[in-house]
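The values are calculated or read from the model by the stated rules, or taken from the named source; none is laboratory data. In this text, all values refer to a predicted model and were calculated from it rather than measured experimentally. Positions of Cβ are generated from backbone atoms using ideal geometry, with glycine treated the same way; all protein chains shown enter the neighbour counts. With ligands, DNA and RNA removed, areas are computed over all heavy atoms of the protein, side chains included. Shrake-Rupley method; radii C 1.70, N 1.55, O 1.52, S 1.80 Å.
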Amino acid sequence: MSSPLTIRLRSKDGNTRIQVSLTTGGNELAQQILSTLGEGIDSSSVTISNSPGSKGEKIPLEALEGRTVGDMGFKNGELLFIDFKNEQAPPPSTSFPAAASSSSTANNDASTSTSTVPKGKKIDLVSVVEEEVDKYYRTQTGMIPRERDTKLCRHGDKGMCDYCMPLEPYDSTYHSENKIKHLSFPSYVRKLTGSLSASQTSTSSSLLPPLTPLSFNVLTPCPSSSHPAWPAGICSKCQPSAITLQSQEFRMVDHVEFASPKLIDAFLQGWRKTGSQRFGFLIGRWEKYEGVPMGVKAVVEAVHEPEQEGEVDGVTVRMPWEEEERVKKLAGWCAKGLQVVGMVYTDLTASPEDITKTLYKRHPQSYYLSSLELLFSAQLQLDHPLPTRSSPTGEFGSRFVTCVLTGDKDGGVEILAFQASEQAVAMVAADMIEASVDPGTVRVKKEAAGRYIPDVFFTFKNEYKLQVKQSAKPCFPVEYLLVNITHGFPVTPTPLFPTSSFPIESRPSEPQTMGKIVSSLVPIVGDGTYSQEGGEEEKIKQVERWAGDWHMLAYLQKEGGLEDDEMNLLARVATAHSKVEGDIEALAALTKTPGWLTLMSIVKAAAEVQSSSRPSNSNSNQDPMDADDFDFANFPDDDVPPGGGGGGGGGGGVRNCPHCTFENDHGGDCDVCGLPLDG
């Protein structure tokens with residue numbers, strides 16, 4: 001049994017103590033704290049902090065639910081500062097006060113607006129599954145090492161002083177000297193929680209959650225319970241505070257790294273061939289970034305293009321993305337745990353003077369991200385929250401990034417990477433802002449039935465270099481809601497999907513067909529068999545290289561007739577090269593599945609037909625990987641595999657493919673293997 005701990009409590013009513021143990025639950029601890037405060041207090045307003053006044057981070061009692069004293073890192077003799085409000089007497093009459101106007105909140109100006117966690121959103125933080133990079137940083141101190149200063153240090157090589165001791169990851173001097181504008185998200189969390197001792201680093205996830213998601217919505221029901229819920233009534237306790245727009249101190253993502261320049265070039269080919277803008281979702285993962293202390297980068301391994309209608313001046317994409325769950329499932333099967341990390345689209349216009357160059361449209365004198373694009377980014381960030389144990393809701397912010405390919409000042413193509421700020425996402429969630437005719441301006445909506453708009457301000461330096469605060473109504477510059485992100489490419493590219501010969505999805509000019517998959521497999525496993533023994537090692541590598549194409553995997557998942565467990569194995573085979581010893585077990589299991597055996601039978605039939613129909617004096621320089629080089633329209637009848645010609649004859653109705661036996665309800669080519677039904 002654990003020994004009892006004494007926790008000291010200090011509030012405006014005086015000092016007191018309570019006795020707990022390491023196994024005491026958060027609910028029991030909250031009840032003991034409330035019992036020391038007496039009667040006549042508003043229990044929903046009680047908060048605890050490790051520092052007095054406004055210095056510490058105030059945590060509501062609701063955040064203690066689902067935890068124990070041992071998990072929270074409390075020690076014997078811990079001093080907690082308690083803050084609370086007294087209950088207000090109910091109004092004498094049965095009528096409720098009218099809704100307060102925005103002018104009555106002049107004294108509620110704040111740079112951010114936070115609220116207690118809604119009761120319906122309380123969760124057990126232990127059950128929250130964080131990203132691997134966040135798990136890694138929870139075990140690290142993040143200290144910035146410094147070498148011994150030969151001029152200022154007066155100690156030996158093994159000593160340490162103020163001039164050479166490691167710095168905190170959020171040190172402002174270090175960031176200003178290295179021109180780092182934003183703290184990384186793990187550094188920001190470390191700044192709020194303070195430095196951790198060596199014994200706490202392994203259990204740092206158990207600390208009280210320091211983050212509360214921004215909310216500009218009216219609290220319903222009102223904590224005071226003195227009037228009907230909004231929109232029937234409103235008061236100073238449930239209405240959001242005034243908002244002052246300001247630059248965000250931190251950013252959720254510090255860098256976007258594209259695994260290979262070929263990714264961008266393949267995406268640009270869609271615009272180069274048609275002149276219409278293109279849109280795609282970024283498939284990748286999160287990794288640590290060495291460019292900033294405790295940095296996080298998005299590593300993009302593929303660009304998946306959904307169904308879209310491209311125009312010269314824009315692109316139309318249906319939202320929500322219907323295939324997102326399917327694509328996310330495929331990405332999760334790949335090595336390194338891929339997921340949807342953002343979006344990318346083009347905004348390119350050829351120069352009238354020289355069509356080989358592009359117009360420079362996005363620059364400091366115009367805009368970087370239009371208000372309409374900002375709202376779109378904020379909505380997608382709202383739909384892709386980041387799971388974290390640093391927030392009592394289990395979610396905070398988002399790492400969903402926005403990349404734009406646009407013209408640079410030299411007529412080339414550059415990448416701009418952004419995120420919408422937390423204030424932007426909260427304003428979109430509260431239905432407060434809308435796009436403007438001027439792309440560089442955001443409009444604040446007018447109040448309407450069921451929509452409360454608090455006062456919004458932004459600050460700037462006037463012509464006299466003085467800081468001035470101005471109302472953001474009716475509009476304000478879009479830059480106040482943007483967080484810029486750096487981008488780049490690895491010095492030595494090692495993409496997870498090294499092959500890119502299969503056509504890209506959603507491009508009508510380059511249709512994806514099963515025949516192209518079959519024809520690409522004929523030179524590798526033309527006999528339809530596969531072995532791991534002896535001289536088949538090169539064939540193993542060829543199969544892995546063949547499978548290492550994201551667009552082909554996505555097509556097979558949708559149209560290839562493979563089950564989920566078979567696609568799981570194929571995805572592991574496609575990314576096996578990322579492991580030192582590959583993934584031979586996945587390849588061995590794949591070759592025994594019904595879906596793969598069916599595909600091999602189709603490949604064998606295609607190889608036999610091709611061999612019998614190829615002229616003896618064929619060009620030796622012909623590329624066997626090109627699907628267009630194979631004549632699938634003139635296969636002889638005697639090359640139909642045994643048992644496969646039952647329905648290959650003419651006539652209407654259901655027709656069995658003579659090559660793969662698939663039942664088709666039409667003539668022409670088979671829907672599965674792409675070979676002619678007329679044999």
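When +1 charges are put on Lys and Arg Cβ atoms and -1 charges on Asp and Glu Cβ atoms, the dipole computed for region 408-472 relative to its Cα centre reaches about 320 debye.
Overall, the accessible surface of region 1-76 at a probe of 1.4 angstrom is composed of carbon and sulfur to the extent of 46 percent. To put it simply, the accessible area of region 356-396 at a 1.4 Å probe is 57 percent carbon and sulfur. Carbon-plus-sulfur accessible fraction, region 216-279 (probe radius 1.4 Å, protein heavy atoms only): 52%. Given R₀ = 25 Å, what would the calculated FRET efficiency be for Gln269 paired with Val312, taking r from the Cβ atoms and rounding to 0.05? Approximately 0.90, to the nearest 0.05.
List the residues of region 137-154 whose backbone N lies under 14 Å from a point placed 7 Å from the Cα of Asp162 along the Cα-to-Cβ direction. Flagged as within label range: 152-154.
Length gained on full extension, Thr139 to Ile584: 156.9 nm, using 0.36 nm per residue less the C-alpha separation.
Structure note, pairs Lys541/Lys592; Lys181/Lys409; Lys288/Lys336; Lys179/Lys262: Cα-Cα distances above 20 angstrom occur for Lys181/Lys409; Lys179/Lys262.
Average accessible surface for region 431-490: 55 Å² per residue, computed with a 1.4 Å probe over protein heavy atoms with every protein chain in place. Amide H contacts of Ile433: Lys445, each under 5 Å away and 5 or more positions distant or on a separate chain (H built 1.01 Å from N in the peptide plane; Pro and chain starts excluded).
With all protein chains kept in place, the per residue accessible area of region 214-364 amounts to 42 square angstrom at a probe of 1.4 angstrom.
When the Karplus curve 6.51 cos²θ - 1.76 cosθ + 1.60 is applied with θ = phi - 60°, which whole-Hz ³J(HN,Hα) does each residue of region 448-461 get, with x for Gly and Pro? Whole-Hz 3J(HN,Hα) from phi for region 448-461: 8, 4, x, 10, 9, 10, x, 5, 10, 10, 9, 10, 7, 9. Whole-Hz Karplus values for region 139-151 come out as 9, 10, 7, x, 5, 8, x, 10, 7, 5, 7, 5, 8 Hz, taken residue by residue from phi with 6.51 cos²θ - 1.76 cosθ + 1.60 and θ = phi - 60°; glycine and proline positions read x.
Packing, taken as the mean count of other beta carbons within 10 Å per residue, orders the peptides 595-603, 359-367 from highest to lowest as 595-603, 359-367. Summing charges over all other residues whose Cβ lies under 13 Å from the Cβ of Val303, with Lys and Arg as +1 and Asp and Glu as -1, gives -2.
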